[in-house]
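Report on the structure given below.
The values are calculated or read from the model by the stated rules, or taken from the named source; none is laboratory data. Keep in mind that what you see is a predicted model, and the values were worked out from it rather than measured. We place every Cβ from the backbone using ideal geometry, glycine too, and count neighbours over all the protein chains shown. These accessible areas exclude ligands, DNA and RNA; they are computed on the full protein's heavy atoms, side chains included. Shrake-Rupley method; radii C 1.70, N 1.55, O 1.52, S 1.80 Å.
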Amino acid sequence: KPVPPVIMDGETPTPIENRPVVFDEILVPIEYEPHPQPLDPIKEIPVVRPEYMEFVFFGTPEKVRLKKSDLPTLRRCDEASASSMLNEFASEDYDNTILDCLEIRERRKLSDWAYLQMLDIIAQNAYPGQENEAQILLAYLYMQSGYKMRLGSDGTNLYMLFGSRHLIYGKPSYSVDGGSYYSLMELPSRLNICQARFPGEKSLSLSIDSSQDFAYNPSDTRSIVSAGYPGVKFDVAVNKNLLDFYSTYPSSSLGGNVVSRWAMYADTPMEEHVKTTLYPALREMLKDKSEIEAANILLNTIQTGLQYEYDNEIWGHDRAFFAEETLFYPYCDCEDRSILLTRLVRDILGLDCLLVYYPGHLATAIEFSDDSVKGDYIVLDGRRYVIADPTYINAPVGLTMPDMDNSKAKVILLRSTPRT
C-alpha cells in the first residue's frame, strides 16, 4: 500500500546531524544495449521511380519505399503458407523497405519499443483489414532488423511474438526456448508456435537511451510554483506525441525484480524540447546558488508545486511516470516525484543520484561535491548520498520521511549524467 505524503508544519528545520541509512539490498539496473543489427547485409537496390507508402506514428509523418500493389497474399492460415509468404518478402524487392525503416529508427532515435510500434503501423497500413498478412509483414521487417521473433497460429489467426529481455506485466506470454514471447495483439490461450531460430537475433529491450524524436506537438503551458521559495516558478510545455508513446509503454521489471523498474523511467533522457526551453530558465534561476541551495529549491518546487494523488484513484492501477508525464499530468505520486527530481538534479546540477525504495514509498538521495552537507545519508562504494524526499512536503534535503523502515530499504542505482 502506498505511503501517503507527510506535510511538515511550522518553520522548516535544518538538518543538524548526520545519520547513516542502513539498507538491505542494492539493485543494479541492466545496462542499455545497442540496437540489434540486420541478420543479413542489406544493400540499396537502385529503382528508377520508387513508390512510397506514407504513414503516421505518434503524430509523426514518415514514408518508406513499398509498392502496395505488388504485396504478396496469404493462401491459408498454416505454417507452409506463412513460410511461403515470408520467402516472397525475402526477395531484394523489400531491401529498400528495411533500409528505410532502419534509417528512421536511427534518425528519430527510436527505442526498441518505439521501433516495434512503428513497424506494426507500417504493416497495418500495408494490409488494411488483413491482419494475418500484416502480422507476417511485421514479422519479416522485425526479424530482418535483427530482433528475436516467433510466429504463432491458433488455426485461424497469425500472431507475431517478440522476445523481450524484460518481464512485462499485464501481458500474456508464451515461453519458447527458455525465453518469454509477447504480442501486440490479444493472445489466445493456445498457440502452435514455429520455433525456428535465426543467427544473431536479439530480444527487445524496454530501456530508452535517447530522447525519442517524434514530431513536436506542444501541450498547453503549465506553471509550477514553489511555496517555500517566493518567486520561484517555471513554465513548461511537453510534446503530446511523446506522451502518446509513453501511454503504450508496458509495466515491466529488470532482472525479475519489480522494484528495479523505476530505474528505467528515471534513466530515460528528458525530451529535447523540454531541455531547450525549461532547462535554460532553471539554470538562470539557480546560477548563483550553492549545490545545497539549488537542490533545496528544486526539491521544494516538486514537493509543493505538484499535487499528490494515488495512481489507483486516477488510473485504476499502479502507473509510474516518465519525467515529462509528471510535468504534464495534474497529479502524481511519490515514485513520479522522485523520478523527476533525479532527472532534474542530474541534468541541471550535474550531481549523481540514487532512488531509495522503502515498502510502499520511493525517495531519492543526492551526492554533493561538499561532504559537509548534513542530514541522513547513504554510503555506497565510498560515495556519500544525502536523502532528499519529494513527498515529505516542506522538508529540506537531509530529512527522511517519518516511519520509514531503513532495515528494509533498497537502493536503486542510476546512471551518472553529465551537465547538459
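Laid out as a table, the results:
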| item | result |
| --- | --- |
| Peptide ranges 364-374, 79-89 listed from the most packed, as the mean C-beta count within 10 angstrom indicates | 364-374, 79-89 |
| S175/D405 FRET efficiency (R0 45 Å; Cβ-Cβ; nearest 0.05) | 0.80 |
| Gained length - E33 relative to A80, 0.36 nm times residue gap less alpha-carbon distance | 13.5 nm |
| Virtual spin-label span in nm between K289 and E17, 7 Å along Cα→Cβ | 2.8 nm |
| Approximate spin-label separation N157-I45, in nm, with each point projected 7 Å along Cα-to-Cβ | 3.1 nm |
| V259-I7 FRET efficiency (beta carbon distance; Förster radius 22 Å; 0.05 resolution) | 0.25 |
| Positive-pole candidate from I7, P46, A90, dipole of segment 1-140, charges at beta carbon | P46 |
| Phi to ³J(HN,Hα) by Karplus 6.51 cos²θ - 1.76 cosθ + 1.60 over segment 263-271, Hz, x for Gly, Pro | 5, 5, 5, 5, 8, 6, x, 5, 4 |
| For peptides 274-284, 234-244, 119-129, 138-148, sequence by mean Cβ density within 10 Å, most packed first | 138-148, 234-244, 119-129, 274-284 |
| Of all accessible heavy-atom area on segment 5-129, the percent that carbon and sulfur account for (1.4 Å) | 50 percent |
| Residue-span extension gain [E88 to R415] - 0.36 nm each, minus C-alpha spacing | 113.3 nm |
| Dipole-positive endmost among L151, S180, G200 within segment 146-212 (Cβ charges, Cα centre) | G200 |
| For segment 77-206: accessible area per residue (Å², 1.4 Å) | 40 Å² |
| Cβ-Cβ FRET estimate between D381 and Y229, R0 fixed at 30 Å, reported to 0.05 | 0.35 |
| Segment 187-272, dipole about Cα centre (Lys/Arg Cβ +1, Asp/Glu Cβ -1), debye to the nearest 20 | 420 debye |
| Estimated 222 nm signal from helices in the chain, with DSSP H stretches of n ≥ 4 weighted -39500 (n - 2.57), rounded to 500 | -8500 deg cm²/dmol |
| Farthest positive-ward along the chain dipole, Cα basis, beta-carbon charges - from I366, W113, I136 | I136 |
| Solvent exposure, largest accessible area first (probe 1.4 Å, DNA, RNA and ligands not counted), of H317, H35, H361 | H317, H35, H361 |
| Span from the segment 174-195 Cα centroid across to the segment 92-128 one, whole angstrom | 22 Å |
| Relative contact order computed over segment 59-174 (Cα-Cα under 8 Å; 6+ residues apart), in percent | 22 percent |
| Pair E54, S372: separation of 7 Å Cα→Cβ label points (nm) | 6.4 nm |
| Net length gained if the chain between K67 and Y310 were fully extended (0.36 nm per residue, minus Cα distance) | 82.6 nm |
| Apportionment of accessible area to carbon and sulfur, segment 221-351, percent (1.4 Å) | 49 percent |
| Rel. contact order, % - alpha carbon contacts under 8 angstrom, at least six apart, the chain | 20 percent |
